[in-house]
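*Asks:* Here's a structure for you.
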Amino acid sequence: MKLYIYFVMLLSCGMVILTGCKDNNFHNALLVVESFHNKFSSSDFNGIYIDLVSKEFKKSMTKSDYFKLMKKNRELLGKYQYGRLLKNDQMKVLIGENKTTISYHSTYNKYELNEFFVIKKEGDKSKISQIVYDDIHAIKIKDK
């Protein structure tokens, strides 16, 4: 009987610890997305590159291609206005590799669209490893 009680207590503590980690990872990931939107609106692409994107992201393209892409996206979408969280998930792809996915519905000056962010832990910081824009379902905002 004592073994059963210890097992239940250990299981309960483990669940509390894991739930707390998940919430903290999600909160940190959400802060990274919000920081991305703020820096994107002010065209601080260097700040995004230095502070917010992962090594994996940086390896996927040259720095000059990254800046060209970001400037093109900024011209096309306009300034970020606001957004709302659609969905988030935490996944363990490989042992020790935590990733959080965040789906956002974002409104910019010129377009409204869904964005998908993959955030991973890099050391003690959360970094963006992937951004996907749903340009198929994007809605152009009419000029006033």
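Where a number appears in this text, it was derived from the coordinates with a stated rule and is not lab data. Given the structure is predicted, the values throughout are model-derived calculations rather than measurements. Positions of Cβ are backbone-derived with ideal geometry, glycine not excepted, and every protein chain shown enters the neighbour counts.
*Asks:* Among the aspartates and glutamates, which fall within straight-line cross-link reach of Lys127, defined as a Cα-Cα distance under 15 Å, with same-chain neighbours fewer than 8 residues apart omitted?
*Replies:* Glu34, Asp51, Glu56, Glu97
*Asks:* List the aspartates and glutamates whose alpha-carbon lies under 13 Å from that of Lys87, not counting same-chain residues fewer than 8 positions away?
*Replies:* Cross-link targets: Glu115.
*Asks:* Roughly what would the spin-label model give for Ile139 and Asn24, points 7 Å off Cα along C-beta, in nm?
*Replies:* Spacing of the two 7 Å Cα→Cβ label points: 3.9 nm.
*Asks:* Cross-link partners among lysines for Lys142, C-alpha distance below 23 Å, same-chain residues fewer than 8 apart left out?
*Replies:* Lys71, Lys72, Lys79, Lys110
*Asks:* List the residues whose amide H sits under 5 Å from the amide H of Tyr111, counting only those 5 or more places along or on another chain, with H placed 1.01 Å from N in the peptide plane.
*Replies:* Excluding prolines and chain starts, which carry no amide H, the hits are Ile141.
*Asks:* So what are the ³J(HN,Hα) numbers for the stretch 101-108, from phi and the Karplus equation (6.51, -1.76, 1.60; θ = phi - 60°), rounded to whole Hz, Gly and Pro as x?
*Replies:* Result, rounded to whole Hz: 10, 10, 9, 10, 9, 10, 10, 10.
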